[in-house]
Amino acid sequence: MIHSFIVELAVKFGEKQAIVLDRLAYWQKKNQLNDKNFFDGHYWTCNSIKSFQEIFPYWSLKQIRSILDKIEELNLIKTGNYNFSPWDRTKWYTIIDSAILKSYEQIWNDYGVVR
């Protein structure tokens, strides 16, 4: 798997946050294209911290939690719970910063990614 980021986002918010934003933007766009996970005016993706660690094996659970918390504190993402089971506490994530989403849209259009 390749992990990348937009340099301007890394400068502004940190490399780790930019890497996670990249993955969240990708999954959010895939769900939009597949018309899946649309709630409260946003397309969402969900993952447990443990699942994130499988995606980012070079970070600990604590680091991942901290990165996601930081991104949320910066009001770049919003979290929710749209699980079918009331006992399932897996968080859902959506990028709410429109400038970030536009940056990814431009890159994807330029390179023909996420179609």
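Just so it is clear, none of the values below were taken in a lab; they were calculated from the coordinates. None of these values were measured; they are calculated from a predicted model. As a convention, Cβ positions derive from the backbone with ideal geometry for all residues, glycine included, and neighbour counts pool all protein chains shown.
To keep it simple, each residue is scored yes or no on (1) touching a strand residue (DSSP E or B) at 6+ places or on another chain (Cβ under 8 Å); (2) loosely packed, with under 15 Cβ neighbours inside 10 Å; (3) on the phi < 0 side of the Ramachandran plot.
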| site | (1), (2), (3) |
| --- | --- |
| L33 | no, yes, yes |
| C46 | yes, no, yes |
| L61 | no, yes, yes |
| I71 | yes, no, yes |
| Y82 | yes, yes, yes |
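Applying a threshold of 7 Å to beta carbon distances and a minimum spacing of six or more residues, or different chains, the list of pairs starting in the stretch 56-67 at a residue that is closer than 16 Å to T90 by Cα and ending at one that is aliphatic (A, V, I, L, M) and assigned to a helix (DSSP H, G or I) reads L61/I49; I64/I49; R65/I49. Of the listed requirements (1) on the phi > 0 side of the Ramachandran plot; (2) surrounded by 15 or more Cβ atoms within 10 Å (Cβ to Cβ); (3) not aromatic (F, W, Y), K29 misses just one: (1).
Please go through the stretch 93-102 and give me each residue that is closer than 22 Å to F52 by Cβ and not in a loop (DSSP other than H, G, I, E, B), ordered by number. Y93, T94, I95, I100, L101, listed by residue number. Is at least one residue of the stretch 72-92 in contact (Cβ under 8 Å) with a residue 40 or more places away in the chain, part of a helix (DSSP H, G or I) and hydrophobic (A, V, I, L, M, F, W, C)? For the stretch 72-92, residues in contact (Cβ under 8 Å) with a residue 40 or more places away in the chain, part of a helix (DSSP H, G or I) and hydrophobic (A, V, I, L, M, F, W, C): absent.
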